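Undergrad: This is the structure, below, for whatever I ask next.
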Amino acid sequence: MNWQIPCGDGRPRPSKPSEARQALLRWLKFNAVGGIGIAVQLAALTLFRSALHLDYLLATALAVEIAVLHNFLWHERFTWVDRLAAHPVQSLVRLAKFNLSNGGVSIMGNLLLMRLLVGELHLNYVLANLVAVAVCSLVNFLLSDRLVFQREGPGRDLG
């Protein structure tokens, strides 16, 4: 949709999507990728726990890392497609930042919450994992937008 904003003389002029609309669209894309990432994480968690009989904390850490890698690839090519890496090295730097920031929040948040919800409160591990993912989501979006996929150069949006 192309919104028209009147000029000072009353003529309409095309406008860029507002920053709020761009942020909302990016948040929706982030959550769509995250939703698929949740399915990837839960499938990996179930495989590691049910088929391989790994400890729930080790299974959680491995499942989260698989989801982190999945999400990075989609965020770079879908969520932040307007901020493409100029060089392959920049993409590798972003992967490192994403893994340290989003991966760190996701793994630490998931492990702490899983320990509390499964280990102490005896909730089902799949339900507990869904709760942990939801809690970490907002922090991960902000880290991704402001740190990992930030604009480069003079037009950089530091928000």
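Undergrad: Only one of (1) within 15 Å of SER106 (Cβ to Cβ); (2) within 13 Å of the chain's Cα centre (by Cα) is not met by THR60, so which one is it?
TA: (2)
Undergrad: Pairs please, first residue from segment 62-84 and of a type in the set (Val, Ile, Thr), second anywhere and not in a helix (DSSP H, G or I), Cβ atoms under 8 Å, 6+ apart in sequence or on different chains.
TA: THR79/PHE149
Undergrad: Among the listed residues LEU84, LEU47, LEU52, LEU62, which satisfies the condition of being within 22 Å of ALA132 (Cβ to Cβ) and at pLDDT below 95?
TA: LEU62
Undergrad: Assigned to a helix (DSSP H, G or I), under 10 Å from the mean Cα position of the chain (by Cα), among the acidic types (Asp, Glu) and over 27 Å from THR46 (Cα atoms): does that describe ASP145?
TA: yes
Undergrad: Looking at LEU116, LEU100, LEU123, which one is surrounded by fewer than 18 Cβ atoms within 10 Å (Cβ to Cβ) and outside any helix (DSSP H, G or I)?
TA: On inspection, the qualifying residue turns out to be LEU123.
Undergrad: Among the residues in segment 38-57, are any within 17 Å of VAL139 (Cα to Cα) and assigned to a helix (DSSP H, G or I)?
TA: Applying the first criterion (within 17 Å of VAL139 (Cα to Cα)) to segment 38-57 yields 38.
With assigned to a helix (DSSP H, G or I) added as a condition, the list becomes 38.
Yes - at least one qualifying residue is present in segment 38-57.
Undergrad: Could you check segment 131-149 and list, in sequence order, the residues that are of a type in the set (A, V, I, L, M) and modelled with pLDDT of 90 or more?
TA: Scanning segment 131-149 gives LEU142, LEU143, LEU147, VAL148.
Undergrad: Another question about this same structure. Just wondering, is there one or more residues in segment 70-78 that are under 17 Å from LEU45 (Cβ atoms), of a type outside the set (Asp, Glu) and part of a helix (DSSP H, G or I)?
TA: yes
The values are calculated or read from the model by the stated rules, or taken from the named source; none is laboratory data. Since the model is a prediction, treat every value here as computed from it, not as a measurement. Every residue, glycine as well, gets a Cβ built from its backbone with ideal geometry; the counts of neighbours run over all protein chains shown.
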